[in-house]
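Comments concern the structure below.
The values are calculated or read from the model by the stated rules, or taken from the named source; none is laboratory data. Keep in mind that this is a model prediction, so the values were computed, not measured. Just the protein is used for accessible areas: all its heavy atoms, side chains included, with ligands, DNA and RNA removed. Shrake-Rupley method; radii C 1.70, N 1.55, O 1.52, S 1.80 Å.
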Amino acid sequence: MTHGRGLIEQIVRQAITDGHISPDRDPATETNLLLTLTGLTPLIELSVIEPQEALTAVDQHLNRLFTNKT
């Protein structure tokens, strides 16, 4: 699990370097937020949220993350 987190953070760092993510974003924080979004599955299964609501949350976060305003 730790290796997987490290790999995601590496991808986020590379996206920052490549200009896909704004350089003012903290790679560790963004990695944690991305991993948190994967935790929506139990909420869907327990009918706490609807699948479309989860998809909207993921889409909004990714749109914010990859909007480079530099």
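Roughly speaking, to the nearest percent, how much of the chain's 1.4 Å accessible area is carbon and sulfur? Walk me through the numbers on the way to the answer.
Working: 2960 of 5060 Å².
In the chain, the share of accessible area belonging to carbon and sulfur is 58 percent.
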The chain, accessible area per residue, ligands and nucleic acids excluded (1.4 Å, Å²)
72 Å²
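Express in nm, to one decimal, how much length is gained between residue 59 and residue 43 on full extension, taking 0.36 nm for each residue of separation and deducting their alpha carbon distance.
On the way: separation 16, 0.36 × 16 = 5.76 nm, distance 1.70 nm.
Going from the current span to full extension adds 4.1 nm.
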Accessible area, probe 1.4 Å, largest first, for residues 13, 25:
13, 25
Choose one answer from 48, 12, 58: the residue with the largest mean-square fluctuation in a GNM of the chain with alpha-carbon springs under 10 Å.
48
In whole Å, largest first, the alpha carbons of the chain cover along the principal axes 39, 29, 13
